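Report on the structure given below.
The values are calculated or read from the model by the stated rules, or taken from the named source; none is laboratory data. A quick note: this is a predicted structure, and the numbers were derived from the prediction, not measured. Positions of Cβ are generated from backbone atoms using ideal geometry, with glycine treated the same way; all protein chains shown enter the neighbour counts.
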Amino acid sequence: MSDKTANTQQSSGTVQTTGHAWDGDLQEYNNPLPRWWLWCFYGTIVFSILYWFVYPSWPVGDTWIKGTGTVDYTVVDKGTGKEQAKEYRWNTRSLLLEDLGAAATDPQRKAMLAKVEAADYDQIVKDPKMMEFVRSVGKGLFGDNCAACHGRGGQGVVGLYPNLTDDDWLWGGKMAKINETLMQGRKGFMPAFGPVLKPEQLDDVAEYVLTLSNEAQPSEASARGKEIFQGQVGGCYYCHGADAKGLPSQGSANLTDKIWAIVNIPALKTPQEKQAALKTFISNGVNNTRVMPAWKDRLSSTDIKLLAVYVHQLSGVK
């Protein structure tokens, strides 16, 4: 409890207290804040008031304080197609458009873009300066347009989006083919064999496919599966090829490597789990679930060319 007993320590030349004492001798100091701290505090108040008026801040009715700060950037008139320099109220969108406009009109950037556009892929790869430009600009293009599906580093998501870092290309891994993929988009398709094959036949085909990548040992079941795969009943070789290494013209997967784009076989532990997962996939097929949009109407041909080179180098292939 606090009492009104006089503070015996409060005398001239000693540290000041509030003048109260608790339990007889427990006292509270009354030290003032450092002057520099107070001035900093007062400065933040002044700064906040100025900020309210210079930049957009508080809502007022159905609008807000728009501030006095402005940003200059160039826009293209939709009617005439001509560029016009205008002054806009400061906000993050205006600031972004200013930065984008400045980058687009930078003489060095425009010159390098023209150089990349005129060069073929071999010339680009062999030129260190152009490759440095490709990595810089391509990273931004990839992050803005591709990373949402393929991930920031291009690792993809098993079952949804291909991994771009493993040099396993469904539609071809040459830069010209990647450019074609970006331009026109791709639609993955595999028919559902559930209505065609019996459950035991699906088991056999799944067993055979697992042997192609050494995920299972050859057996009587896999021998029966091979007959279905290579024969008219299943006809799997039409798309995957007689050697099961896939056909880029069809976008069909190479079944002989250990790269699984849709069914994550390596993550499964037992042979039974692997066979069951693969059987389900063969039964259901792929339809309208593996679609990549066409970018020809969204990005310029030069941007797509930059992306093709950038994506190609993600796999580490020279």
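Within the stretch 299-310, how many residues turn out to be in a helix (DSSP H, G or I) and either over 11 Å from Lys139 (Cβ atoms) or touching a Ser or Thr at 6+ places or on another chain (Cβ under 9 Å) (or both)? Counting residues in the stretch 299-310 that are in a helix (DSSP H, G or I) and either over 11 Å from Lys139 (Cβ atoms) or touching a Ser or Thr at 6+ places or on another chain (Cβ under 9 Å) (or both) gives 7. A count restricted to the stretch 1-29 and to residues that are assigned to a loop (DSSP other than H, G, I, E, B) and either at pLDDT below 75 or surrounded by 12 or more Cβ atoms within 10 Å (Cβ to Cβ) (or both) stands at 14. Could you check, for the stretch 216-227, whether at least one of its residues is touching a Lys or Arg at 6+ places or on another chain (Cβ under 8 Å) and surrounded by fewer than 16 Cβ atoms within 10 Å (Cβ to Cβ)? Looking for residues that are touching a Lys or Arg at 6+ places or on another chain (Cβ under 8 Å) and surrounded by fewer than 16 Cβ atoms within 10 Å (Cβ to Cβ), one finds none in the stretch 216-227, hence no. Selection of first residues in the stretch 113-127 that are touching a residue at least 12 places away in the same chain (Cβ under 8 Å) and of second residues that are in a helix (DSSP H, G or I) and of a type in the set (Gly, Ala, Ser), restricted to Cβ pairs under 7 Å at least 6 apart or on distinct chains, gives the following pairs, ordered by first then second residue: Tyr121/Ala176.
Residues in the stretch 134-188 that are free of Cβ contacts under 8 Å to residues at least 40 places away in the same chain and either hydroxyl-bearing (Ser, Thr, Tyr) or within 24 Å of Ala111 (Cα to Cα) (or both): Ser136, Gly140, Gly143, Asp144, Tyr161.
Give the number of residues within the stretch 267-295 that are part of a helix (DSSP H, G or I) and under 13 Å from Ala216 (Cβ atoms).
Narrowing the stretch 267-295 to residues part of a helix (DSSP H, G or I): 267, 271-284.
Remaining after also requiring under 13 Å from Ala216 (Cβ atoms): 271-279.
Matching residues across the stretch 267-295 total 9.
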